[in-house]
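K.L.:
Please find one structure pasted underneath; my questions will follow.
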Amino acid sequence: MLKCYFPKIICILTSLFLFFSYTTPVYAVMTAATLTQAEEAELRKSMPVESNTIEGWPTGPLIGASSAILMDADTGAILYEKNVHEKLYPASTTKLLTALLASENSTMDEVVTFSKNAVFGIDRDSSHIGIDVGEQLTMEQCLYGILLGSANEVSYAVAEYIGGDLSAFVEMMNERATKIGCTETHFVNANGLPDPDHYTTAYDLALIARECYKNEIISKISGTTYYTIAPTNIQTEERPLTNHHLLLPKLKYAYDYVIGGKTGYTDEARQTLVTCAEKDGLRLICVIMKEESPNQFLDTVMLFDYGFNNFQKLNIADNEKNYSMDTSNFFDTNVDILGSSKSLLTIHPTGDVLLPKTALFTDAVAEINYLSNNSDSVATLKYYYGGSYVGETTVDYISDKTSVFEFSKIVTDTDKTEPVPVEKETETIFINVKIVFIIILSIMGLILILFVIRAILNNIYFSKKHRRKPKRRKYPYTSRYDN
């Protein structure tokens, strides 16, 4: 009899083991550093902060992270820079890109069914929320599981659902990262578990975060402190989730201006943290890589305070004078025979620069680059301060249509009404009336000057010739017959 029930007993014990090991989420964000790791972090404070070498730039704090960056989310300007191009393990901050691709390629009510690979294809002691094979979650629930619970099995299942299989989704991740502008990034999985070929830099990770926080879904979910996954087709109990990001409201290191973010930890990566915060219209992205807990949160607060306290955003169109396209109206008429009397070019109204609060807009140096194949813009203006990029904008063609008078379209009727201007249908050459008149007057003035010079030269020439002509002798008149 015992032999008969032995396989069933083994099966039951295995199921119980899997149940208890997978229904208790594993959190690693607050893993304590060893003495050696703490000493290494302290030594890293002596590493150079590149942004502190910029002339006139506010001095940033010294932190224990191996790599860190503070970037303006709107312009991409770097406010704080420490070793931002070192390739490091991103750990679970990888999941920001996973969530971004999911939000871009699905709707929140789509249903994800968990495969055996998704559930058992992750390290057993890594972060998870205890999903079973065959269990179903909506995509919205999955994103909460990924961004709040940092669930590796949920990241795997979403990757399979969006890409068809994990490898195809990883290809999508790398393609999306390249499109964002990442040049030092390569991913091999959707959750950030360690692999020698899975790496990024603080700079690239800031670019990914910048893209994520243009996305309303990612901003909302990653900024949520608590969420509960309702009972599913298999799990009868609710799954309460608490965000691992301790800068969020009601958590240990709550910071008032945080929008959202993502934590990460593995033994190899140590603590990594991505955060977005906004204050007084200034939206900043902070990335911390290879730090020890809880300093990833404390470093982030110091960098945000540094950014908000020392920098200002200035609108380029409101402050730029050297490239002003305004011209005075020469004619006040709706029918402009020689072309539009209004300016044809304008500085784009939304471009900004990020400058120290002690600096003036005129301290920024503009670099103009002309565009040859752009139907909307004629040039870009990029701004630098102390050699560091601080923002840009474009010089655009004015888009509103102007009524242009075309002689071939003159319409007259028996009532002798005025010619009717028509909308431009063919390519029309616009001429600035003021410039045309200035050119004409200049030419006429030049011609007049030439005539005056010629008259003066003629007068001088004939005067000299008259003086040099020998005088004819006068003899008394005598007849030849007188002799």
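The values are calculated or read from the model by the stated rules, or taken from the named source; none is laboratory data. Because the structure is a prediction, the values reported are computed rather than measured. Note that each Cβ is placed from the backbone with ideal geometry, even for glycine, and that neighbours are counted across all protein chains shown.
K.L.:
Considering each residue of segment 97-131, count those that are within 17 Å of SER219 (Cβ to Cβ) and in contact with a strand residue (DSSP E or B) (Cβ under 8 Å, 6 or more places away or on another chain), and give that number.
P.N.:
So the answer is 1.
K.L.:
Mind checking which residues of segment 46-65 are surrounded by fewer than 20 Cβ atoms within 10 Å (Cβ to Cβ) and in a loop (DSSP other than H, G, I, E, B)? Break it down into steps so the answer makes sense when it comes.
P.N.:
Kept after step one, since they are surrounded by fewer than 20 Cβ atoms within 10 Å (Cβ to Cβ), are these residues of segment 46-65: 46-50, 52-56, 58-59, 61-62.
Residues satisfying the conditions are SER46, MET47, PRO48, VAL49, ILE54, GLU55, GLY56, PRO58, THR59, PRO61, LEU62.
K.L.:
What single numbered condition from (1) among the hydroxyl-bearing types (Ser, Thr, Tyr); (2) within 25 Å of LEU43 (Cβ to Cβ); (3) out of contact with any Cys (no Cβ under 9 Å at 6 or more places or on another chain) fails to hold for THR275?
P.N.:
Tallying (1) among the hydroxyl-bearing types (Ser, Thr, Tyr); (2) within 25 Å of LEU43 (Cβ to Cβ); (3) out of contact with any Cys (no Cβ under 9 Å at 6 or more places or on another chain), THR275 fails exactly one: (3).
K.L.:
Report whether or not LYS262 is touching a strand residue (DSSP E or B) at 6+ places or on another chain (Cβ under 6 Å) and assigned by TED's automatic domain parsing to the domain that holds ASN105. Working first, answer last.
P.N.:
Details: touching a strand residue (DSSP E or B) at 6+ places or on another chain (Cβ under 6 Å): yes; assigned by TED's automatic domain parsing to the domain that holds ASN105: yes.
Considered against the rule, which asks whether it is touching a strand residue (DSSP E or B) at 6+ places or on another chain (Cβ under 6 Å) and assigned by TED's automatic domain parsing to the domain that holds ASN105, LYS262 comes out as yes.
K.L.:
Separate question: Give ASN322, ASN315 a once-over and let me know the one that is more than 23 Å from PHE437 (Cα to Cα), modelled with pLDDT under 90 and in contact with a strand residue (DSSP E or B) (Cβ under 9 Å, 6 or more places away or on another chain).
P.N.:
Numbers: ASN315 fails: modelled with pLDDT under 90.
Exactly one residue qualifies, and that residue is ASN322.
K.L.:
Answer with yes or no whether VAL158 is part of a helix (DSSP H, G or I) and either more than 21 Å from the chain's Cα centre (by Cα) or over 20 Å from THR201 (Cα atoms) (or both).
P.N.:
Considered against the rule, which asks whether it is part of a helix (DSSP H, G or I) and either more than 21 Å from the chain's Cα centre (by Cα) or over 20 Å from THR201 (Cα atoms) (or both), VAL158 comes out as yes.
K.L.:
Criterion first (buried (at least 18 other Cβ atoms within 10 Å of the Cβ), outside any strand (DSSP E or B), modelled with pLDDT of 95 or more and in the same structural domain as THR93 (by TED's automatic domain parsing)) does CYS276 satisfy it?
P.N.:
Details: buried (at least 18 other Cβ atoms within 10 Å of the Cβ): yes; outside any strand (DSSP E or B): no; modelled with pLDDT of 95 or more: yes; in the same structural domain as THR93 (by TED's automatic domain parsing): yes.
It is false that CYS276 is buried (at least 18 other Cβ atoms within 10 Å of the Cβ), outside any strand (DSSP E or B), modelled with pLDDT of 95 or more and in the same structural domain as THR93 (by TED's automatic domain parsing).
K.L.:
Going by the structure shown, is ALA41 at pLDDT below 95, of a type outside the set (S, T, N, Q), part of a helix (DSSP H, G or I) and closer than 30 Å to LEU147 by Cα? Can you show your working first?
P.N.:
Values: at pLDDT below 95: yes; of a type outside the set (S, T, N, Q): yes; part of a helix (DSSP H, G or I): yes; closer than 30 Å to LEU147 by Cα: yes.
Answer is yes for this residue.
K.L.:
Evaluate the following for LEU303: is it in contact (Cβ under 8 Å) with a residue 12 or more places away in the chain, more than 19 Å from LEU148 (Cα to Cα) and part of a helix (DSSP H, G or I)?
P.N.:
Numbers: in contact (Cβ under 8 Å) with a residue 12 or more places away in the chain: yes; more than 19 Å from LEU148 (Cα to Cα): yes; part of a helix (DSSP H, G or I): yes.
Judged against the criteria, LEU303 is a match.
K.L.:
Yes or no: segment 283-293 includes at least one residue that is farther than 18 Å from LYS95 by Cβ and of a type in the set (Gly, Ala, Ser).
P.N.:
yes
K.L.:
Let me ask something else. Among the numbered criteria (1) closer than 16 Å to GLN296 by Cβ; (2) in contact with a Cys (Cβ under 7 Å, 6 or more places away or on another chain), which one does ASP267 miss?
P.N.:
For ASP267, the failing item is (2).
K.L.:
Within segment 96-109, count every residue that is over 20 Å from the mean Cα position of the chain (by Cα) and touching a residue at least 40 places away in the same chain (Cβ under 8 Å).
P.N.:
Of all residues in segment 96-109, those over 20 Å from the mean Cα position of the chain (by Cα) come to 102, 105-109.
Filter once more, so that each one left must be touching a residue at least 40 places away in the same chain (Cβ under 8 Å): 102, 105-106, 108.
Adding up the residues that qualify gives 4.
K.L.:
Cβ-Cβ below 6 Å, separation at least six or inter-chain, first residue in segment 30-52 and in the same structural domain as GLN296 (by TED's automatic domain parsing), second modelled with pLDDT of 95 or more and among the basic types (Lys, Arg): which pairs?
P.N.:
Short answer, once both residue conditions are applied: VAL49/LYS82.
K.L.:
Going through segment 163-192 one residue at a time, which ones are in a loop (DSSP other than H, G, I, E, B), farther than 22 Å from ARG124 by Cβ and of a type in the set (Gly, Ala, Ser)?
P.N.:
GLY164, GLY181
K.L.:
If you go through segment 193-239 one residue at a time, how many are part of a loop (DSSP other than H, G, I, E, B) and either touching a His at 6+ places or on another chain (Cβ under 9 Å) or of a type in the set (Lys, Arg) (or both)?
P.N.:
Narrowing segment 193-239 to residues part of a loop (DSSP other than H, G, I, E, B): 193-198, 201, 213-215, 223-225, 230-238.
Applying the additional criterion that residues be either touching a His at 6+ places or on another chain (Cβ under 9 Å) or of a type in the set (Lys, Arg) (or both) yields 197-198, 201, 214, 223, 225.
So the answer is 6.
K.L.:
If you check GLU320 against the conditions, is it farther than 20 Å from LEU205 by Cα and of a type outside the set (Phe, Trp, Tyr)? Let's see the steps before the verdict.
P.N.:
Working: farther than 20 Å from LEU205 by Cα: yes; of a type outside the set (Phe, Trp, Tyr): yes.
The answer is yes for GLU320.
K.L.:
Right, LYS252: in a helix (DSSP H, G or I), surrounded by fewer than 22 Cβ atoms within 10 Å (Cβ to Cβ), in the same structural domain as ALA65 (by TED's automatic domain parsing) and at pLDDT 95 or above or not?
P.N.:
On the way: in a helix (DSSP H, G or I): no; surrounded by fewer than 22 Cβ atoms within 10 Å (Cβ to Cβ): yes; in the same structural domain as ALA65 (by TED's automatic domain parsing): yes; at pLDDT 95 or above: yes.
Criteria not met by LYS252.
K.L.:
Among the candidates ILE217, ILE229, which residue alone is crowded, with 19+ Cβ neighbours inside 10 Å and either within 18 Å of PRO90 (Cα to Cα) or of a type outside the set (Asp, Glu) (or both)? Even if it seems obvious, please write down each step before you answer.
P.N.:
Details: ILE217 fails: crowded, with 19+ Cβ neighbours inside 10 Å.
Checking each option against the conditions leaves just ILE229.
K.L.:
At least 2 residues that are crowded, with 24+ Cβ neighbours inside 10 Å in each: list the helices (runs of 4 or more DSSP H) lying fully within segment 94-147 that qualify.
P.N.:
Details: elements: 95-104, 116-120, 139-147.
Answer list for segment 94-147: 95-104, 139-147.
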